[in-house]
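Novice: Before we start, here is the structure in question, set down as structure tokens.
The values are calculated or read from the model by the stated rules, or taken from the named source; none is laboratory data. Computed from a prediction, not measured in an experiment: that's the story for all the values here. Don't worry about glycine lacking a Cβ; one is built from the backbone with ideal geometry, like all the others, and counts go over all protein chains shown.
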Amino acid sequence: MPNIKSAKKRVITSEKKNEINTAKKSRVKTAIKKFNAAVEDGNVALAEQLLPETMSVIDCAMKDGIFKPNTAARKKATICRSLDALKASK
């Protein structure tokens, strides 16, 4: 445990930021899981409805620095690919 006042403050601040960043990352994972569940069920309408919401959540996380741009692009490309595959199979 730090003894200097500024170091104590940094510990508290970094813990708060860690909680916020964890929550944002969890929000992305939840959105992707909902989208993937719709794709697994074969529900094209629900998947198309969830696609913009999921993209938005991923973009917000990238903007906040939770994900690097290439990671966000890869996640978005993966969900788009799965929706395209679902549409092609129907």
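Novice: Taking the options Lys8, Lys24, name whichever one is surrounded by 12 or more Cβ atoms within 10 Å (Cβ to Cβ), out of contact with any helix residue (DSSP H, G or I) (no Cβ under 9 Å at 6 or more places or on another chain) and of a type in the set (Lys, Arg).
Specialist: Lys8
Novice: Oh, and also: Please count how many residues of region 27-67 are in contact (Cβ under 8 Å) with a residue 40 or more places away in the chain and within 26 Å of Lys90 (Cα to Cα).
Specialist: 6
Novice: Looking for whichever is farther than 17 Å from Ala85 by Cα, outside any helix (DSSP H, G or I) and among the polar types (S, T, N, Q) here; the options are Asn70, Asn3, Asn21. Which one fits?
Specialist: Asn3
Novice: May I pose another question? Please work out which residue is farthest from Asn21 (Cα to Cα), limiting yourself to region 46-76 and to residues that are small (Gly, Ala, Ser) and under 13 Å from the mean Cα position of the chain (by Cα).
Specialist: Among them, the one singled out is Ala73.
Novice: While we're looking at this one, here's another question. Check off (1) part of a helix (DSSP H, G or I); (2) loosely packed, with under 11 Cβ neighbours inside 10 Å for Thr30 and give me the number that stays unchecked.
Specialist: That leaves (2) as the condition not met.
Novice: Ok, one more. Quickly run through region 33-45 and pick out the residues that are more than 11 Å from the chain's Cα centre (by Cα) and either part of a helix (DSSP H, G or I) or surrounded by 14 or more Cβ atoms within 10 Å (Cβ to Cβ) (or both).
Specialist: Residues satisfying the conditions are Lys34, Phe35, Asn36, Ala37, Ala38, Val39, Glu40, Asp41, Asn43, Val44, Ala45.
Novice: Can you find even one residue in region 60-79 that is in contact with an Asp or Glu (Cβ under 9 Å, 6 or more places away or on another chain) and either at pLDDT 95 or above or not hydrophobic (A, V, I, L, M, F, W, C) (or both)?
Specialist: Yes, region 60-79 has at least one match.
Novice: Among the residues of region 53-70, write down those that are within 17 Å of Lys24 (Cα to Cα) and loosely packed, with under 11 Cβ neighbours inside 10 Å.
Specialist: The answer is Gly65, Lys68, Pro69.
Novice: Report yes if some residue within region 80-89 is exposed (fewer than 11 other Cβ atoms within 10 Å of the Cβ), farther than 22 Å from Asn18 by Cα and of a type in the set (Ser, Thr, Tyr); otherwise report no.
Specialist: yes
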